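Below is one structure, written out as structure tokens; comments come after it.
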Amino acid sequence: MLWATAGLVALGFLVALEIAARHYGGVPGPITNQAREVLFPPKPGPLYGGLALMMVVLTWRQRFIAAGFAVGVDAVFVLVRWAVDADVPEGQFFGNGALWAMLGCAVFAITRRTGEERVLLLKGVGLGLLLVAGRKTGDTWLLITAKTRPTVLDPYVAMADHALGNPSWLAGRLLEASGPVSPVLDLVYAQLAVAAVAVALYQLRNVATERRFPRHHLVRTFLLIGLVGPAFYMIFPVVGPIFAYGPGTSGTGGVQWAVADLWPHTPPPITMPHPVPYDGITPRNCMPSLHTAWATTIFIHSRKGPRLLRYAGTFWLTATLGATLGFGYHYGVDLLAGVVFALTIEAALRTYDHGWHRSGVQLVAYGTAVFGALLVSYRYLPMEMAAHPWVYGPLVMLSTASVIYGYVRTTGSWEPKTPPVLRPEPQPEMV
């Protein structure tokens, strides 16, 4: 019933986004874009990531068959497109095979499997398709934010950011002077889903043998953040420092829409903020920073992995924070809101798994209150935050730290206690 209800809710949500995309942007929505990728050139990354997640329910023999089928179908598509000289966007040569393999597994589950085996296989297919659908819905959400929010609130956030010392401006100058670091951070920022799939595959590595999914894993949190987070883009539309106070990037934003051309060398002066108009192309996707939220969950879920995975989770979080600030995509206060948002979502899912334990409910309520207080203060107290940075800066940092401390303490108390291993008493030997 739970999976059926979740499926119906997801379907209704996708239909609503499809209608909104056609109404506001006159473009296909996530359902149409997903359906067309059965035949037309797709973006390959999410599809093969979804295939990898789906294969956690398969045996090794079935995995080799599914992977071989996907590669074979892609090879056929590439040859056909080459033969007919089809116009293929750069970097979109492969991916149809992964989608065909997932759909084929769904058909196989319905026609050749019964009972729990059918349910498990369909859950695997659903998990893979949800990852792909998440990318499509995210693109549609960003389009909707740009079309329905003609003004942005960047001046408010920029004033509030004075309480933290304008970290985006500082990180932008440091990254500008670093040289070879920029390509690495750019790769980390763009390939966040790759790190998420790697951690998720480790967590789900035993599904094929145990024939069941673990109670909690990264994919649940990742998808819920992507589902809930864009709603705050609509409430608090912000484009980011490089767009509102800089030259923008290729194809979006620019000096003609910016409040002033200041980023990253000149912090914005302390002036009374007001909403400013912006173009209908640039996504309003800053508050909160969902990249930070996702990187935080990757860090959390990598803690129980082997040493290499823990190091990778730490690196990904650190590099993501550096990229979001250094490239001018986010303000410092966005990142703090993203951390609180991620921990609150994660706490809610863990509390649900523990039967709405009282300490978990209190943590979720506290995280929600702190998150709401941060957004309210950024919107209605930015001048006070800019005028008194030594008061509001530590206050914002401490409120974020309190949520982190509450999360670690509460979830730590839920972990099973491993009894100490008793060492055998030394026995006397006969001489």
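Overview of values
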| read-out | value |
| --- | --- |
| Filter result for the condition that a residue is farther than 23 Å from Thr151 by Cα, surrounded by fewer than 23 Cβ atoms within 10 Å (Cβ to Cβ) and in contact (Cβ under 8 Å) with a residue 60 or more places away in the chain, over His291, His265 | His265 |
| Candidate set: region 12-34, residues that are under 30 Å from Tyr202 (Cα atoms) and aliphatic (A, V, I, L, M); chosen: the one most open to solvent (accessible area, probe 1.4 Å) | Ile31 |
| Region 370-390 - residue that is open to solvent by 60 Å² or more (accessible area, probe 1.4 Å) and without any contact (Cβ under 8 Å) to a residue 12 or more places away in the chain and, of those, nearest to Ile235 (Cα to Cα) | Val376 |
| Odd one out for Asp74 among (1) of a type in the set (Asp, Glu); (2) open to solvent by less than 80 Å² (accessible area, probe 1.4 Å); (3) closer than 24 Å to Leu143 by Cα | (3) |
| Positions within region 354-369 being among the polar types (S, T, N, Q) and farther than 26 Å from Val238 by Cα, in sequence order | Ser359, Gln362 |
| Checklist (1) over 21 Å from Ala200 (Cβ atoms); (2) surrounded by 13 or more Cβ atoms within 10 Å (Cβ to Cβ); (3) among the β-branched types (Val, Ile, Thr) applied to Val56, failing item | (1) |
| Conditions (1) surrounded by fewer than 21 Cβ atoms within 10 Å (Cβ to Cβ); (2) under 19 Å from Gly97 (Cα atoms); number of the one not met by Leu47 | (1) |
| Residue match in region 204-227 (condition: within 23 Å of Gly332 (Cβ to Cβ) and either open to solvent by 50 Å² or more (accessible area, probe 1.4 Å) or modelled with pLDDT under 90 (or both)) | yes |
| Number of the condition not met by Leu99 [criteria: (1) under 26 Å from the mean Cα position of the chain (by Cα); (2) loosely packed, with under 15 Cβ neighbours inside 10 Å; (3) among the aliphatic types (A, V, I, L, M)] | (2) |
| In region 121-171, the residues that are among the charged types (D, E, K, R), open to solvent by less than 30 Å² (accessible area, probe 1.4 Å) and over 27 Å from Met102 (Cβ atoms) | Asp154, Asp161 |
| Search result, residues across region 82-132 that are under 18 Å from Gly68 (Cα atoms) and outside any helix (DSSP H, G or I) | Phe93, Phe94, Gly95 |
| Given (1) exposed (fewer than 14 other Cβ atoms within 10 Å of the Cβ); (2) at pLDDT 95 or above; (3) more than 23 Å from the chain's Cα centre (by Cα), index of the condition Lys417 fails | (2) |
| Options Ala158, Ala196, Ala163: the member that is assigned to a helix (DSSP H, G or I), modelled with pLDDT of 85 or more, over 25 Å from the mean Cα position of the chain (by Cα) and not polar (S, T, N, Q) | Ala163 |
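Residues are listed down the side, and each one gets a yes or a no for (1) of a type in the set (Ser, Thr, Tyr); (2) touching a Cys at 6+ places or on another chain (Cβ under 9 Å); (3) at pLDDT 90 or above:
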position: Pro237; (1), (2), (3): no, yes, yes
position: Ser250; (1), (2), (3): yes, no, no
position: Val255; (1), (2), (3): no, no, no
position: Pro269; (1), (2), (3): no, no, yes
position: Thr292; (1), (2), (3): yes, no, yes
position: Phe299; (1), (2), (3): no, no, yes
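The values are calculated or read from the model by the stated rules, or taken from the named source; none is laboratory data. Keep in mind it's a predicted model, so treat the numbers as computed, not measured. Positions of Cβ are generated from backbone atoms using ideal geometry, with glycine treated the same way; all protein chains shown enter the neighbour counts. Ligands, DNA and RNA are stripped out before the accessible areas are found, and what is left, the full protein with its side chains, is counted by its heavy atoms. Shrake-Rupley method; radii C 1.70, N 1.55, O 1.52, S 1.80 Å.
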